[in-house]
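Inspection log for the structure reproduced underneath, given as structure tokens.
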Amino acid sequence: MSDFGLQVFTPSGKALNVSDASPLQFIRRISRSEVSFTTGASTTFDFSAQVPAGVQIVVWTDFAAVIIQSPIYLGYSVMPLSIAVADRRVTISVPDFGTGNWGPRETPTGFWVFAIYPQPVTSDGFGLFIDSGGAFPAVVNSAAGLFMTAQYSVTFTGTLTLNCSENAMVFCNCADDGIGLYFDRTTRQIIGYKPAGKQWGTVGGFSVPLQVCVFDVKTPTIPDWGLMIYGADGGVSFTSQEVPMIIRQWAALPSAVGNWTNFTSPANTPMIPLASMGAKTIDRSFIWKVNLAMNNQHVGYGPGALLLQVGDNILTEQEQISYKGKTVPVIWGSDYF
């Protein structure tokens, strides 16, 4: 229990201080068909009419790169996607690959756009402000709040199917940094890959503890008693029965496979969302996805699914990791378990 602020209780009965929370609000999903993946192309989406000034936009995707392939001769290049956010405008672009007849072979399935309300946007905005304890954000859309809808604490052997929607944010803690983790939004599965000989991304072949928190878009539950906050749309946006996401750190990803970024508070069971960050060539014959990997101390990159196998000694050895140096949100499992 804290000395001051607003608290809610998790399903396990833990008191969670939400006065310093920064919950995400789901804005929309940008589908693959809305984005141009041709060489040198860019597509911009303007959310300034939906999100007030001063609110941070966060974009998450399942595969942060594109494989460009020539249909004329044997040639491939893994290109990191650029996702730029400036004044509530999101621009998704592909680097200029040069002239020639090239087309994308592998692309993300979509881009999920969220907003972070770090404090009341205006002095008369909707929400709750606690001066000495931080700020619980103004929540303006009663249909777009992300709240915890499920928890899992399992022995993970390669796949785990979740009960969630396509728009969920899924955070995991895994103790083995040799396992690359991926959340397949189509099947709603967490998939774990580990090297097995030349097969860099083999599903399974391990048994490790895995903790999962699922935050999904849901209508807030109206309690028999407690606190309710109304949004600008007139609907209930938050109640004291909901458990929001509290982001404790933004961890900058390392520059290459084999490097790691330490968590600020490893004893509190850090948890990260899952995605593929790019691709890596192995033995000049295979291109594999590079998924996020972690243990309780640090975050970095691990193996993923096979993208291409083109024959012996044809490809250039390379490593393209789009999110290197960029940040991923970190929550603490100790808040929820």
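The values are calculated or read from the model by the stated rules, or taken from the named source; none is laboratory data. Nothing here was measured: the structure is a model prediction, and the numbers come from that model. For neighbour counting, all protein chains shown are included, and Cβ atoms are generated from backbone atoms with ideal geometry for every residue, glycine included. Each accessible area value is taken on the protein alone, full model and side chains, heavy atoms only, with ligands, DNA and RNA left out. Shrake-Rupley method; radii C 1.70, N 1.55, O 1.52, S 1.80 Å.
Do you know which of the residues in the stretch 153-175 that are modelled with pLDDT under 95 and open to solvent by 30 Å² or more (accessible area, probe 1.4 Å) is nearest to the chain's Cα centre (by Cα)?
Across the stretch 153-175, the extreme among qualifying residues is 167.
Taking strands (runs of 3 or more DSSP E) that do not extend beyond the stretch 11-57, which have at least 1 residues that are at pLDDT 90 or above and of a type in the set (S, T, N, Q)?
24-31, 42-46
Looking only at residues in the stretch 318-337 that are open to solvent by 20 Å² or more (accessible area, probe 1.4 Å) and in contact with a Lys or Arg (Cβ under 6 Å, 6 or more places away or on another chain), which one is nearest to residue 94 (Cα to Cα)?
My answer is 319.
Looking only at residues in the stretch 176-192 that are in a loop (DSSP other than H, G, I, E, B) and more than 13 Å from the chain's Cα centre (by Cα), which one is surrounded by the most Cβ atoms within 10 Å (Cβ to Cβ)?
By that ranking, first place goes to 179.
Name the residue, out of 284, 248, that is surrounded by fewer than 22 Cβ atoms within 10 Å (Cβ to Cβ), among the basic types (Lys, Arg) and closer than 30 Å to residue 11 by Cβ.
So the residue among 284, 248 that is surrounded by fewer than 22 Cβ atoms within 10 Å (Cβ to Cβ), among the basic types (Lys, Arg) and closer than 30 Å to residue 11 by Cβ is 248.
Evaluate the stretch 92-103: report whether one residue or more is surrounded by fewer than 21 Cβ atoms within 10 Å (Cβ to Cβ), in contact with a Phe, Trp or Tyr (Cβ under 8 Å, 6 or more places away or on another chain) and either farther than 22 Å from residue 29 by Cβ or at pLDDT 85 or above (or both).
No, the conditions are met nowhere in the stretch 92-103.
Under 9 Å between Cβ atoms, which residue pairs at least 6 apart in sequence (or on different chains) link something in the stretch 205-231 that is touching a residue at least 60 places away in the same chain (Cβ under 8 Å) and buried (at least 16 other Cβ atoms within 10 Å of the Cβ) with a partner that is outside any loop (DSSP other than H, G, I, E, B) and basic (Lys, Arg)?
Partner pairs satisfying both residue conditions: none exist.
Taking the stretch 253-276 as the search range and keeping residues that are more than 13 Å from the chain's Cα centre (by Cα) and over 13 Å from residue 177 (Cβ atoms), which one is surrounded by the fewest Cβ atoms within 10 Å (Cβ to Cβ)?
Selected residue: 267.
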